[in-house]
1. I'd like to check something: does segment 482-490 contain any residue that is at pLDDT 95 or above, of a type in the set (A, V, I, L, M) and closer than 30 Å to residue 54 by Cβ?
2. Take residue 328 and tell me if it is out of contact with any Asp or Glu (no Cβ under 7 Å at 6 or more places or on another chain) and either within 16 Å of the ligand (Cβ to nearest atom) or modelled with pLDDT of 90 or more (or both).
3. For residues that are within 22 Å of residue 207 (Cα to Cα), more than 16 Å from the ligand (Cβ to nearest atom) and either in contact with a Cys (Cβ under 8 Å, 6 or more places away or on another chain) or among the polar types (S, T, N, Q) (or both), tally how many sit in segment 235-259.
4. Check 368, 383, 372 and return the single one that is touching a helix residue (DSSP H, G or I) at 6+ places or on another chain (Cβ under 9 Å), within 25 Å of residue 44 (Cα to Cα) and not hydrophobic (A, V, I, L, M, F, W, C).
5. Please enumerate the residues belonging to segment 345-354 that are open to solvent by 10 Å² or more (accessible area, probe 1.4 Å) and in contact with a strand residue (DSSP E or B) (Cβ under 7 Å, 6 or more places away or on another chain).
6. Could you identify the single residue in 232, 262, 301 that is within 16 Å of the ligand (Cβ to nearest atom), open to solvent by 20 Å² or more (accessible area, probe 1.4 Å), of a type outside the set (Phe, Trp, Tyr) and farther than 20 Å from residue 183 by Cβ?
7. When the residues of segment 316-328 are filtered to those that are open to solvent by less than 10 Å² (accessible area, probe 1.4 Å) and assigned to a loop (DSSP other than H, G, I, E, B), which remaining residue is nearest to residue 474 (Cα to Cα)?
8. Can you run down the residue pairs with Cβ atoms below 6 Å, 6 or more apart or on separate chains, where the first is in segment 91-110 and open to solvent by 50 Å² or more (accessible area, probe 1.4 Å) and the partner is not aliphatic (A, V, I, L, M) and not in a helix (DSSP H, G or I)?
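The values are calculated or read from the model by the stated rules, or taken from the named source; none is laboratory data. As the structure is a prediction and not an experimental result, all values here were calculated from the model. Backbone-built Cβ (ideal geometry, glycine too); neighbour counts: all protein chains shown. Protein only, heavy atoms only, side chains kept; ligands, DNA and RNA dropped before computing areas. Shrake-Rupley method; radii C 1.70, N 1.55, O 1.52, S 1.80 Å.
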Amino acid sequence: MKASAWQSLLLLIILSSSCCLSANAGAGDHHELQRFMVVPTSSLKHIPEDATCSGHKVIPSNGTAWVPMNRPHGPCSSTSSRASEDMGIDVDDMLMWDQLRTSYIRTQLSTHVGVVGGGMPVIARSTTVSNRDYTPSSTASVGTNSGTSKTIEKSDQTATNEHQDAVSQTVVVDTSSDIPWVQCLPCPIPQCHLQKDPLYDPAKSSTFAPIPCGSPACKELGSSYGNGCSPTTDECKYIVNYGDGKATTGTYVTDTLTMSPTIVVKDFRFGCSHAVRGSFSNQNAGILALGGGRGSLLEQTADAYGNAFSYCIPKPSSAGFLSLGGPVEASLKFSYTPLIKNKHAPTFYIVHLEAIIVAGKQLVVPPTAFATGAVMDSGAVVTQLPPQVYAALRAAFRSAMAAYGPLAAPVRNLDTCYDFTHFPEVKVPKVSLVFAGGATLDLEPASIILDGCLAFAATPSEESVGFIGNVQQQTYEVLYDVGGGKVGFRRGAC
Ligand SMILES: *[C@@H]1O[C@H](CO)[C@@H](O)[C@H](O)[C@H]1NC(C)=O
């Protein structure tokens, strides 16, 4: 704090999974066109060959209050340095982490769950999980700052005021945890992991402050995130254990977070991580937690930004965004579904599916089939449905895809896979996910097929909570209007 230099951290965002390309209507009669989409087979590769990494297609709903968000692997990743290595996503590995993440969230849910009226899961404990390696990331900055939003501006600032300027940090975006953190000096390897961005150095920031042990902010960490006090310094210690075996611990601190010229959060509380456990690959600096619980970026900015945020998860061939605040114009075309939250475990965002339409026909399942709800999650890769719903979807999909011959070998938990090698194009049945209230995700081919497989899986039992995966969310602006109790979708956003 005594140092005169000014330093900020920048945060970036990363999303899970890998994906795909756009739908071109092919030949066929009008009726067929309403039920199927014909796309070049090459567009279904998880890393398309013709990536342009072009930006998003709409103005984010809150105008200028946004930061770029990219997938962690592939041509548009901000942390991929060695293209050849990063281009090769191991889909099987990605799905394994996806299973670890989602089963941990599910464990947290079922441990304390009762099913209350309406079949809504009761979540009695908050939790933190992140499939970092495959989750979308974004960049922002933390520290004393005069509005810097990009590393590029660094040299100008340094020249004019002699202060060390903001340090850009690329971080993973996680909607299912509450404590944001970045790696922080001192940070020796192997206690810390390698990261691409320069490490945040609190000593160089005049706005940095440790949070004292006895403060309300420290007590708020509770038994889930609190890690006691440092007896010599009276500093608050935090710890986050992620369900996939990863963890971070260090000092709980405040500094100025600059995500964009219009998003500057003073006295932003976050973990200054001096040690991690498990492999945080991808060289990201940390995690930007956007859960609904205490301590998350959402909770810290709720007053200024209306308790809402949105993002557009891009296909690997393009760029998306993370935006704070709700839509500035009521005319923006979002369709909405109620957001279910439990006050005992506010971290998770739960929505209810009501129907699935495949090739123009609604799946026939009992009305109660969707009763457990689904976690809307930036980190889950594939959508997970109750077994009877998944079975109906799979049957309808396989029947529509009969022309592509016998099934290929399964990939991890994806059991409906095809070898499209000898087909120049693929006729994919349209799939729409219809939520309570009528909000609908009309899926593009790349949101239906992942690496040749139907990008959906079954939950372990009819009672298990489901997930809406980021493969299915991609290209939509997904608005978490937590204050308004609803989730909105706007198509074609990135
Ligand atoms: C949109 O962002 C601005 C900052 O650019 C913020 O002041 C405003 O509250 C946000 N609007 C909404 C509706 O959240």
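1. Taking every residue of segment 482-490 in turn, at least one turns out to be at pLDDT 95 or above, of a type in the set (A, V, I, L, M) and closer than 30 Å to residue 54 by Cβ.
2. Judged against the criteria, residue 328 is a match.
3. Of the residues in segment 235-259, the ones within 22 Å of residue 207 (Cα to Cα) are 235-238, 249-259.
Narrowing the set further to residues that are more than 16 Å from the ligand (Cβ to nearest atom) leaves 235-238, 249-255.
Those still in the list that are either in contact with a Cys (Cβ under 8 Å, 6 or more places away or on another chain) or among the polar types (S, T, N, Q) (or both) too: 235-237, 249-254.
Looking only at that region, the number is 9.
4. 383
5. 352, 353, 354 - these are the residues of segment 345-354 that are open to solvent by 10 Å² or more (accessible area, probe 1.4 Å) and in contact with a strand residue (DSSP E or B) (Cβ under 7 Å, 6 or more places away or on another chain).
6. Of 232, 262, 301, the one residue that is within 16 Å of the ligand (Cβ to nearest atom), open to solvent by 20 Å² or more (accessible area, probe 1.4 Å), of a type outside the set (Phe, Trp, Tyr) and farther than 20 Å from residue 183 by Cβ is 262.
7. Checked segment 316-328; the qualifying residue nearest to residue 474 (Cα to Cα) is 316.
8. Close Cβ pairs satisfying both conditions: 92/412; 100/244; 104/243.
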